[in-house]
Each structure stands twice: as C-alpha cells, then as structure tokens.
Amino acid sequence: MAAATPIRPIAPPDADLVATIIRAAFAATEVPLDPPPSALQVTPEAIRAHLQEGGGALYRQAGCVLWALKDGGLYISRLAVLPASRSQGIASALLACAEAEARRLALPHLHLATRLALAGNRRLFARAGFVEGAQHAHEGYSQTDLRRSRETTQPLAVLPDLRLETLQHGLNPVPGRAVHPGGEQVAPEGALAVLELGP
C-alpha cells in the first residue's frame with residue numbers, strides 16, 4: 001500500500017488551521033517588515049472566502065499555500081510554513097503542488113510577490129526557477145515588494161516525485177470549478193490554483 005501524500009487540497013473546514021499557520025509563519029519573518037504583512041490579520045472567514053474563487057494546499061498541519069487565477073497565470077499567495085517545520089522542504093513541496101495545478105489547467109506561468117527584505121524567500125523562489133520582475137512599494141512606504149514569475153514550460157527543480165503524486169491525486173479545492181484557457185467555468189473534481197510571479 002502506497003504512503004499517502006502529506007499534501008492535500010484545502011477545504012472550508014480547514015480554514016481555522018490554515019489561518020493559524022499563515023499568521024504564525026508571517027509573524028516569524030527573518031527581519032521586521034514595515035508595513036507589517038497583511039497576512040498577520042488573515043481570518044478563517046477570509047480563507048473560506050478565498051476558497052470560493054481560488055484554492056490551495058495544506059501540508060499536514062505545518063504549511064500551506066493559496067492560489068488563484070490572475071493575469072493569465074496561477075498567482076501564488078500566503079506560502080506559509082510554521083517556524084518549527086522550516087528547512088524540511090515543505091515550501092518547495094507546496095510550490096510543486098501549485099505548479100502541478102497550473103500545468104493541469106494549462107496555464108503558461110506561475111507568479112507571486114515577495115518582500116525584497118526577505119532574502120530567504122528570494123533564495124527559495126530563485127531555486128524553484130522564478131525570475132525577478134517588477135518592483136513596487138506600498139503607498140507611503142519605501143520598502144519594496146518584488147514580483148517574480150516562472151513559465152510552466154520549465155521543470156520545477158524540486159521534489160519531482162511529489163509533483164507526480166500530486167498530479168495523480170487530482171487535487172481540487174473548489175469541487176466542480178476550474179477555469180480552462182477558454183475562460184469557461186467547468187471542471188471535474190480535482191483542481192488547485194494560486195500565486196503571482198512575472199517572467
């Protein structure tokens with residue numbers, strides 16, 4: 001009997017756990033951020049609302065990622081791993097899961113945004129093949145966010161076995177909904193979607 005994958009789609013009953021993981025992970029950034037991350041205020045209600053239009057994945061009770069269709073690709077957001085579970089490949093596994101969903105939906109790229117001050121995040125995304133793009137600052141602030149993207153035609157350089165297992169499981173955080181390249185909303189059970197990075 002094959003071992004179950006540690007990653008599964010986020011469902012509405014997971015909203016409390018997911019919100020807790022996100023708040024705890026973003027409270028433990030490597031440097032203080034100004035303005036503080038909006039993720040510190042995320043609520044279970046916000047997670048449930050996100051699941052109405054997007055999706056995400058949960059890695060046991062240690063990490064999560066959200067995603068949604070945006071600007072012709074899969075936008076990744078709220079990639080979060082609890083501090084005690086970091087440096088174990090969980091973030092890379094969650095990125096691989098998002099890539100599997102983008103490929104399943106035949107989307108041409110993944111994209112996301114990260115703070116320039118978060119050097120560890122920037123290294124993680126670079127190792128995963130994301131390319132740095134545009135920069136912008138929050139209104140009234142000098143700290144800059146960095147947009148990153150990656151074409152789905154490039155293989156993700158992390159955990160290919162997990163990516164394949166994720167594809168086999170046909171994850172679908174929003175049962176019965178997926179947006180295909182033509183824009184129609186149809187879907188068999190089995191879709192994940194999420195974050196933004198630019199080429």
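The values are calculated or read from the model by the stated rules, or taken from the named source; none is laboratory data. Being a predicted model, the structure only gives us computed values, none of them experimental. When we count neighbours, we look across all protein chains shown, and the Cβ atoms used for this are built from the backbone with ideal geometry, even at glycine.
Structural remarks
- Within the range 84-103, the set of residues being without any contact (Cβ under 8 Å) to a residue 40 or more places away in the chain and either within 13 Å of Ala128 (Cβ to Cβ) or assigned to a helix (DSSP H, G or I) (or both) comprises Ala84, Ser85, Ile90, Ala91.
- Filtering the range 22-46 to residues that are among the aliphatic types (A, V, I, L, M), surrounded by fewer than 17 Cβ atoms within 10 Å (Cβ to Cβ) and outside any helix (DSSP H, G or I) leaves Ala28, Val31, Leu33.
- Residues of the range 15-37 satisfying the condition of being among the hydroxyl-bearing types (Ser, Thr, Tyr) and free of Cβ contacts under 8 Å to residues at least 24 places away in the same chain: Thr20
- Tabulated pairs, the range 38-65, first under 15 Å from Val81 (Cβ atoms) and of a type in the set (Phe, Trp, Tyr), second surrounded by fewer than 22 Cβ atoms within 10 Å (Cβ to Cβ) and modelled with pLDDT under 95, C-beta under 7 angstrom, 6+ apart or interchain: Tyr59/Pro6
- Meets criteria (crowded, with 18+ Cβ neighbours inside 10 Å, under 22 Å from Ala98 (Cβ atoms) and at pLDDT 90 or above) for Ala49: no
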